[in-house]
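Peer 1: Below is the structure I would like to discuss, written out as structure tokens.
The values are calculated or read from the model by the stated rules, or taken from the named source; none is laboratory data. Bear in mind the structure is a predicted one, so any value in this text is a computation, not a measurement. Here Cβ is always computed from backbone atoms with ideal geometry, including for glycine, and neighbour counts include all displayed protein chains.
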Amino acid sequence: MKVVFERPRALSDVTTHYCPGCTHGIIHRLVAEVIDELGILERTIGVAPVGCAVLAYNYLECDWQQAAHGRAPAVATGIKRALPDRVVFTYQGDGDLASIGTAEIVHAANRGERITVIYVNNAIYGMTGGQMAPTTLEGQVTATSPRGRDIKQAGHPMRMAEMLATLPGVSYLARVAVNKPANIMKAKKAIKQAFMVQIDDLGFGMVEILSTCPTNWGLQPAKAMEWVDEKMIPYYPLGEFKVPGEVK
Amino acid sequence: MPKVEFNVDRCKGCELCAVFCPQKIIKLSEGINKLGYHPATVKEMEKCTGCAICARVCPDCVIKVYK
Amino acid sequence: MLGEKVLMKGNEAIGEAAIRAGCQLYFAYPITPQSELPQYLARRMPEEGRVFLQAESEIAAINMVYGAAGTGARVMTSSSSPGISLKQEGISYIAGAELPCVIVNIVRGGPGLGGIQPAQSDYFQATKGGGHGDYRLIVLAPASVQEMVDLTILAFDLADQYRNPVMILGDGVLGQMMEPVEFKDFEPVKIPKPWATTGRKGREKNIINSLYLDPTKLEEHNWHLQAKYREIAEKEVRYDTYRSEDAEVLVVAYGITARIARTAVDMARAQGIAAGLLRPITLFPFPTEAIAQAAEGAKALLTVELSAGQMVEDVRLAVNGKRPVYFYGRTGGMMPTPEEICREIVKVAGKEVAE
Ligand SMILES: Cc1ncc(C[n+]2csc(CCOP(=O)(O)OP(=O)(O)O)c2C)c(N)n1
Ligand code: SF4
């Protein structure tokens, strides 16, 4: 009898602070599996965001820097420019990347910065207690949109993958979800691709991952997984928006 | 015979494994673990196919799968 | 150009000095009156096989500094007042995470967009922290193009030695001024950086971080920082004096203002007033002791600044009420003439020395 599934080496053997059923944990594991498969643990440097994933530096066994809110792509740029032969990735939430950090992500992508961005879109600000994010869906109730997001007042939910895919510096860009086993397998493939384009020096790689926040959505973890299918995917379609070799 | 092993004290009782297990053999146990949750457990291990779906949806890497 | 004197603009001299000091990466965003510095480094850094990157904003630039400094490389950024305000978030993180780096502020008049003429109105921001939290930068204030070179080289060494951001606080006059400078032959100090995040090969993982969720840990970290600042205050104070031994009116001024004040001191002496000058070179740590001692022999002090009065507060703290401390300042990019300062010295002497 052999082991067919176990904790990846790059994933620290600790209990995380994430809420029960929060899919940040699945995404951490997928990144760890990819790091193991590519054999890059000893030359990888992660950049942790401000958000629920702020403590990611305790959960993956690589070197880490913790960045100011939204600034992870600039911090990653500094690391990568100093050490071009290392693998550098950021792990950012939707408040971090799509609100306060829009300038940094757009310009890192536009420069074709050789970094990998793991962008976790859970349509809400998790860490601060469930306020509206730029990605919050129309009508979605949050702590700061108590009557549901009104697009006249707050604008439309931002589709970062589509927006960034227009930039020539981007080599790989996909949107995936981690709300069911088949999607999780696809998410891992996309994460691997986003690391591969960096290792092959092709350009900027990013994966937008639709993730759950059962706590602030006010849903049981299993129901939150369904909510991704019912509400998020129709607005945030899954797929690859840019693959290497595609010249615009 | 395929089997799953739970790192009981890491389980947060979110039940995602139970919901996604195709054999529907995972349940939350009566007892409480160190974290204060009812951890997931399998009664009829002989029905496990070792598909590892439970492990893949577990956000806390609680499950080790043998086949 | 080793050993010989070359004519250089202050801003460019900082750039060349940074290269000599082993600065590997430079990140910045254009702003007057420091743009000669990025322009110079845009050409020189690639020549040396090093990194020049024009960032999308000062916020991005300082966070690139954070990332690169975290790998153990020598890094610099530069800007002028409005841009330095934008960098404050990043500077606070850098101070918290104890990363060495050099930040150049070629100060211009404020507040707001202010103007593009020289000023010293960022003294508070530079010396009292600037961003959130209890932290200090080491602040060096050159008064000549040669000192811009020497203090830039010193800045990189101090940054590494204390794992602390160091600010060069200059002004538009110094930045634009052409003066002969000499680049002496030297080996940059090499301090091991076992904490750097370079990939964990052959060691435990490293984390660059300023987050301490446990208040006991955060307090511990703060006491550690304070102990470091005290050590810096003990060991790194630098200042210069001119005709101060028998001075009855002691002028205190830094940077370009000190050069004008020096002429004013001579003018006052010619009129029979025993004037002298004390010029802080380090603004943090501030030469508190030196000023207190010099004040013993003086009847009064006169602080002159290109601001509405900022350093004067530190001078008053140093003197601690034992002598009157007068202030003369110009703001908005206006420069005092030596005659103006001399007039102030005469006024102070008339009040405090005559009787
Ligand atoms: C400059 C700054 N502004 C605001 C905050 C407060 N803050 C912490 S986390 C967060 C939002 C995080 O949301 P997101 O990026 O979506 O990540 P999640 O927690 O949902 O994973 C905010 C606003 C901060 N730490 N720093
Ligand atoms: S608040 Fe939401 S995003 Fe944060 S850990 Fe809990 S479930 Fe996850």
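Peer 1: If you check C:SER85, C:SER78, which single one turns out to be in contact with a helix residue (DSSP H, G or I) (Cβ under 6 Å, 6 or more places away or on another chain), more than 10 Å from chain A (Cβ to nearest Cβ) and modelled with pLDDT of 95 or more?
Peer 2: Selected residue: C:SER78, the only one of C:SER85, C:SER78 that is in contact with a helix residue (DSSP H, G or I) (Cβ under 6 Å, 6 or more places away or on another chain), more than 10 Å from chain A (Cβ to nearest Cβ) and modelled with pLDDT of 95 or more.
Peer 1: Right, here's the next one. Determine which single condition A:ILE151 fails, assuming it passes every other condition in (1) within 16 Å of ligand 2 (Cβ to nearest atom); (2) surrounded by fewer than 24 Cβ atoms within 10 Å (Cβ to Cβ).
Peer 2: For A:ILE151, the exception is condition (1).
Peer 1: Residues being within 9 Å of ligand 1 (Cβ to nearest atom), surrounded by 24 or more Cβ atoms within 10 Å (Cβ to Cβ) and of a type in the set (S, T, N, Q): count how many of those fall in the range A:83-105.
Peer 2: Here the count works out to 1.
Peer 1: May I pose another question? Of all residues in the range A:182-222, how many are within 27 Å of A:GLN131 (Cβ to Cβ) and within 14 Å of chain B (Cβ to nearest Cβ)?
Peer 2: So the count comes out to 13.
Peer 1: Follow-up question, since we're still on this one. Can you tell which of C:LEU2, C:LEU7 is surrounded by fewer than 24 Cβ atoms within 10 Å (Cβ to Cβ) and either at pLDDT below 95 or on the phi > 0 side of the Ramachandran plot (or both)?
Peer 2: Exactly one residue qualifies, and that residue is C:LEU2.
Peer 1: Looking at the structure I just gave you, is A:ALA82 small (Gly, Ala, Ser), touching a helix residue (DSSP H, G or I) at 6+ places or on another chain (Cβ under 6 Å) and touching a residue at least 60 places away in the same chain (Cβ under 8 Å)?
Peer 2: Criteria not met by A:ALA82.
Peer 1: May I pose another question? Which residue, of C:ILE153, C:ILE168, C:ILE191, is in a loop (DSSP other than H, G, I, E, B), more than 14 Å from every other protein chain (Cβ to nearest Cβ) and touching a helix residue (DSSP H, G or I) at 6+ places or on another chain (Cβ under 9 Å)?
Peer 2: Just one listed residue meets the conditions, C:ILE191.
Peer 1: Now a separate question. Can you find, within the range A:57-79, the residue that is nearest to the other protein chains (Cβ to nearest Cβ) among those that are touching a helix residue (DSSP H, G or I) at 6+ places or on another chain (Cβ under 8 Å) and surrounded by fewer than 24 Cβ atoms within 10 Å (Cβ to Cβ)?
Peer 2: Here the residue is A:GLU61.
Peer 1: When the residues of the range A:16-46 are filtered to those that are within 15 Å of ligand 1 (Cβ to nearest atom), among the β-branched types (Val, Ile, Thr) and at the interface with another protein chain (Cβ under 7 Å from one of its Cβ atoms), which remaining residue is surrounded by the most Cβ atoms within 10 Å (Cβ to Cβ)?
Peer 2: Restricting to residues being within 15 Å of ligand 1 (Cβ to nearest atom), among the β-branched types (Val, Ile, Thr) and at the interface with another protein chain (Cβ under 7 Å from one of its Cβ atoms), the top hit is A:THR23.
Peer 1: On to the next question. Can you tell me which residue is nearest to B:THR49 (Cα to Cα) among those in the range B:1-27 that are in contact (Cβ under 8 Å) with a residue 60 or more places away in the chain and touching a helix residue (DSSP H, G or I) at 6+ places or on another chain (Cβ under 7 Å)?
Peer 2: B:LYS3
Peer 1: Quick one: what pairs do we get from the range A:1-23, first residue among the small types (Gly, Ala, Ser), second not in a loop (DSSP other than H, G, I, E, B), C-beta under 6 Å, 6+ apart or different chains?
Peer 2: Close Cβ pairs satisfying both conditions: A:ALA10/A:ALA32; A:ALA10/A:ILE35; A:ALA10/A:ASP36; A:ALA10/A:LEU41; A:ALA10/A:LEU60; A:GLY21/A:PRO214; A:GLY21/A:PRO221; A:GLY21/B:LEU16.
Peer 1: What about C:THR257, is it more than 18 Å from the chain's Cα centre (by Cα), of a type in the set (Ser, Thr, Tyr), outside any strand (DSSP E or B) and within 29 Å of C:ILE138 (Cα to Cα)?
Peer 2: no
Peer 1: When residues of the range B:19-66 are filtered for being buried (at least 17 other Cβ atoms within 10 Å of the Cβ) and among the polar types (S, T, N, Q), how many remain?
Peer 2: The total comes to 3.
Peer 1: What tally of residues in the range A:90-117 results from selecting those that are within 16 Å of ligand 2 (Cβ to nearest atom) and in a helix (DSSP H, G or I)?
Peer 2: 6
Peer 1: Also, quick follow-up: Are any of the residues in the range B:8-26 part of a strand (DSSP E or B) and within 11 Å of chain A (Cβ to nearest Cβ)?
Peer 2: no
A quick yes/no check of all residues on (1) surrounded by fewer than 19 Cβ atoms within 10 Å (Cβ to Cβ); (2) among the basic types (Lys, Arg); (3) closer than 19 Å to C:PHE156 by Cβ:
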position: C:GLN88; (1), (2), (3): yes, no, no
position: C:ILE91; (1), (2), (3): no, no, yes
position: C:VAL102; (1), (2), (3): no, no, yes
position: C:GLY110; (1), (2), (3): no, no, no
position: C:GLY114; (1), (2), (3): yes, no, no
position: C:GLN120; (1), (2), (3): no, no, no
position: C:ILE138; (1), (2), (3): no, no, yes
position: C:ALA141; (1), (2), (3): no, no, yes
